[in-house]
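Chemist: Sharing a structure here in C-alpha cells format.
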Amino acid sequence: MASSDYERRIAARFATFDQDGNGYIDREDFSAAAKAVLAEFGLAARCDKGQALYAGAEAFWQGMAGIADRDGDQRISRDEFVGGAVKRLRDNPDRFAEIARPFLHAVLAAADGDGDGAATAEETVRVLRAFRVPEDIARLAVGALDADQDGRIAEPDIVDSFARYFTVPE
C-alpha cells in the first residue's frame, strides 16, 4: 500500500479523537470523551469511576501530546497526528496500546454494569455511541470485538483492537 494511501486512511481516523470538530486534538477532546461516557452511564464525575475516567483521559492526552505535538502548542493537528503519532506508532502498536490503556480500562469499568471486568455487547455499543459512532457501525465493531461470541468484551480485546485501528491501515 502506498504511503499516501496509508496516511489518508489514518487521517480519517483523526476525527475519532477530534470530538469538537475544530480540526485539532487537544486536552478538551479527551475530557469531552470522558464526560460523554459518564453521561451515557449516569455516573458522576466525582465518583471513583468518574475520577478514573478523567485521569485516564488525561494520561491518554499526555501520551498522545508527547508523541505528536511537534510544535508544543498543546494541540495536535491532522498533519501532526498522521506525521507524528501514527508514523511513530505504526511500527510499535504496543506503545499506542500502553498510552491508551488507562483510559480504555476506565471506560470499560464505567460501562461494566455488573463489575465482572467485562462489558456486555450492549454496554460496549453505548460507549461507542457516546463517542459519536453511528449505531450500525458501533454494532459491527462490537461484533468484531466479541470474537468468541460470548456477549462480553474484555480489556485485552479493546486495547489490542484500538491500537490496531489507529496503527494499521486496513
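Readers should treat all values here as calculations from the given coordinates under stated rules, not as data from a laboratory. Small disclaimer: the values here were computed from a predicted structure and weren't measured. Cβ placement follows ideal geometry from the backbone for every residue including glycine, while neighbour counts extend to all protein chains displayed.
Chemist: Would you tally the net charge around I76, using a Cβ to Cβ cut-off of less than 11 Å, leaving I76 out, and scoring K and R as +1, D and E as -1?
Modeler: With Lys, Arg at +1 and Asp, Glu at -1, the net is -4.
Chemist: Using the charge dipole of the range 3-167 (Lys, Arg: +1 at Cβ; Asp, Glu: -1 at Cβ; taken about the Cα centre), state which of G50, I25, I137 has its Cα farthest towards the positive end.
Modeler: Checked the options; the winner is I25.
Chemist: Determine the sum of side-chain charges near F41: Lys and Arg each +1, Asp and Glu each -1, restricted to other residues whose C-beta is under 14 angstrom from that of F41.
Modeler: Charge balance near F41 sits at -2.
Chemist: Continuing with the same structure: Stretched out fully, how many nm does the piece from D114 to A39 gain, at 0.36 nm a residue minus the Cα gap?
Modeler: 25.2 nm
Chemist: Among all helices in the chain defined by DSSP H, which have a length of 24 Å or more along the axis from Cα atoms plus a Kyte-Doolittle mean of at least 0.5?
Modeler: Passing helices, by number: 93-111.
Chemist: With a point put 7 Å past each Cα toward its Cβ, work out how far N22 is from E122 in nm, to one decimal.
Modeler: 3.7 nm
Chemist: Go ahead and run the numbers for FRET between D48 and H105, Cβ-Cβ distance against an R0 of 22 Å, rounding to 0.05.
Modeler: 0.95
Chemist: Further, regarding this structure: When the dipole is taken about the Cα centre of the range 3-167, and only Lys, Arg (+1) and Asp, Glu (-1) are charged at their Cβ, what size is it in debye, to the nearest 20?
Modeler: My answer is approximately 400 debye.
Chemist: Sticking with this one: Sum -39500 (n - 2.57) across every DSSP H segment of at least 4 residues in the chain, then divide by the residue count to get the 222 nm mean residue ellipticity, nearest 500.
Modeler: It comes out at -20000 deg cm²/dmol, rounded to the nearest 500.
Chemist: Here's another thing I want to ask about it. Amide H neighbours of F131 under 5 Å, counting only residues 5+ apart in sequence or on other chains, H built in-plane at 1.01 Å?
Modeler: Here the answer is none, since no amide H 5 or more places off falls under 5 Å of that of F131.
Chemist: Further, regarding this structure: PRE reach from D94 (point 7 Å along Cα→Cβ): which of the range 129-164 fall under 13 Å by backbone N?
Modeler: Answer for this model: none.
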